[in-house]
Amino acid sequence: MTELIITGLFQDPEVQRVCFVLFLPVYLATVLGNGLIVVTVSVSKSLRSPMYFFLGYLSLVEITYSSTVVPKFITDLLTKVKTISLKGCLAQIFFSYFFGVTEILLLVVMAYDRYVAICKPLHYMNIMSRQLCHTLVAGSWLGGFIHFIIQVLITIPLPFCGPNVIDHYFCDLQPLFKLACKDTFVEGIVVLANSGLISLFSLTILVSSYVIILFSLRNRSAEGRRKALSTCASHITVVILFFGPAIFIYMRPSSTFTVDKLVAVFYTVITPMLNPIIYTLRNAEVKFAMRKLWGKKENSGMGT
């Protein structure tokens, strides 16, 4: 078996065309919005703190994660028969897991950064040194890569000889396992444990860190509480948007109900677009840096 057929999100051609019109601008907004954050953080001298360093990498991961699934999904909305090679399917699965776990670990790193900034403000710059920031980002990428390798070692040896129809709109491990010519119960348990443990461990750290942060804010002034809560609210919102749908999909027995596909649309298509909006709308420094950067480009354009 070298080629797979993807059933897609909906079967009705009219509904698919409507989805194309809706999701293409969403993907473009994802790339442009996150790309703008990456450029702004890289260029702006006012965004040199560790928080923005991590935000830049999070936005970069959002672009790559979304791009592993969404472009193929959008183009498939215009075709009657949706096909993908087995190698292309495996590549889509592995890279989506790689970037997905990298994003989870980056969210944990950002929670730790907020914990140090709010609970140990006098030692913040000493603790969050440039070397540690680079190490934490490299560790996030390494964690995603290790997860990626485990999935490869589990999936590559499996024999696939038909049927060749994946009941989803993109390639994922559980739908692919159903096409294997052997019982994949053990492989399914290993994948669930691998992904589940990472998710549970990360979510536990995230929840614990934000509980400690909120607890420590009791003794702060009203202004100090407002500023800290404003920053944390953005992080907490992104964490809920990312983990909520992922837990719904991966922390229970697999199925291919339409509701599962719609939830998957949320975390593969919608959430990556929302992240730059959440971070920029609630952060005056980022908005100011973007306006300043845009103003410079306009001025230089007028000068030429």
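Selection of the range 93-137 for residues being over 20 Å from residue 200 (Cβ atoms), open to solvent by 60 Å² or more (accessible area, probe 1.4 Å) and assigned to a helix (DSSP H, G or I) yields 95, 121, 122, 123, 125, 126, 130, 131, 134, 135.
A residue that is surrounded by fewer than 17 Cβ atoms within 10 Å (Cβ to Cβ) and part of a helix (DSSP H, G or I) occurs somewhere in the range 180-188.
In the range 134-148, is there at least one residue being without any contact (Cβ under 8 Å) to a residue 60 or more places away in the chain, under 26 Å from residue 260 (Cα atoms) and of a type in the set (Gly, Ala, Ser)? Yes, there is a match, as at least one residue in the range 134-148 is without any contact (Cβ under 8 Å) to a residue 60 or more places away in the chain, under 26 Å from residue 260 (Cα atoms) and of a type in the set (Gly, Ala, Ser). For the range 150-165, the criterion of being under 17 Å from the mean Cα position of the chain (by Cα) and under 27 Å from residue 8 (Cα atoms) is met by none of the residues.
Rundown of residues vs (1) within 17 Å of the chain's Cα centre (by Cα); (2) touching a residue at least 12 places away in the same chain (Cβ under 8 Å); (3) open to solvent by 70 Å² or more (accessible area, probe 1.4 Å), yes/no style:
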site: 45; (1), (2), (3): no, no, yes
site: 58; (1), (2), (3): yes, yes, no
site: 63; (1), (2), (3): yes, yes, no
site: 74; (1), (2), (3): no, yes, no
site: 77; (1), (2), (3): no, yes, no
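Out of everything in the range 205-220 that is open to solvent by 70 Å² or more (accessible area, probe 1.4 Å) and of a type outside the set (D, E, K, R), what residue ends up being nearest to the chain's Cα centre (by Cα)? It would help to see each step written out before you state the result.
Looking only at the range 205-220, we keep the residues that are open to solvent by 70 Å² or more (accessible area, probe 1.4 Å), and these are 207, 211-212, 214-215, 218-220.
So of that shortlist, the ones also of a type outside the set (D, E, K, R) come out as 207, 211-212, 214-215, 219.
Details: 207: 18, 211: 23, 212: 25, 214: 25, 215: 28, 219: 34 Å.
Among them, the one singled out is 207.
Counting the residues of the range 232-242 that are without any contact (Cβ under 8 Å) to a residue 60 or more places away in the chain and in contact with a helix residue (DSSP H, G or I) (Cβ under 8 Å, 6 or more places away or on another chain) gives 4. Of 154, 146, 150, 74, all but one fail to be assigned to a helix (DSSP H, G or I), of a type outside the set (Asp, Glu) and under 22 Å from residue 266 (Cβ atoms); the exception is 74. Checked against (1) surrounded by fewer than 20 Cβ atoms within 10 Å (Cβ to Cβ); (2) at pLDDT 80 or above, residue 297 passes all but a single condition, namely (2). Of all residues in the range 138-164, those satisfying the criterion of being under 21 Å from residue 191 (Cα atoms), open to solvent by 50 Å² or more (accessible area, probe 1.4 Å) and of a type in the set (A, V, I, L, M, F, W, C) are 141, 142, 145, 146, 149, 150, 153, 156.
The values are calculated or read from the model by the stated rules, or taken from the named source; none is laboratory data. None of the values given here were measured: they were computed from a predicted structure. A quick note on method: Cβ atoms are made from the backbone with ideal geometry, for glycine too, and the neighbour counts reach across all protein chains shown. Calculation scope for accessible area: heavy atoms of the full protein, side chains included, ligands and nucleic acids excluded. Shrake-Rupley method; radii C 1.70, N 1.55, O 1.52, S 1.80 Å.
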